[in-house]
Amino acid sequence: MKRYQIILITASLFFFLGFSSHHIFKKDPIESLSLTKSSILKKKQKTTLQSIIQKQRSDVIILNSPTVYYEGPYKTQGFGYELIASYAKSIGVDLNLSVVHTIQEALELSKK
């Protein structure tokens, strides 16, 4: 056999073994074996979504503007409002809005 054929066959075998082992390991094997303090803490910490679901309420600071949030003639409207209201409904929590009129107000309120 010629040298390039051997290299091609060897490379194909390595590719096949690597590709097939991807399906065997659902997680990164190195990550699952590492027991550092930060990895242990990450596993114990709740995600933001888990915290929202646990308290049954989503607290949102929203900007009062025509494209985000405004009081329409019959109901509250705005693309941003409808998006977060639909999301809160889909995960089964109440929506608690804090309406602000400037970005500066939103930033100050988010620091509290």
My understanding is that a pair violates if its Cα-Cα distance is over 23 Å; which of LYS55/LYS111; LYS46/LYS75; LYS89/LYS112; LYS46/LYS112; LYS46/LYS111 do that in this structure? LYS46/LYS75; LYS89/LYS112
Long-range amide H partners of SER98 with built H, under 5 Å: VAL60, ILE61, ILE62
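No value in this document is a laboratory result; all are computed from the given coordinates. Note that the coordinates shown come from a computational prediction; the quantities given were computed from them, not determined experimentally.
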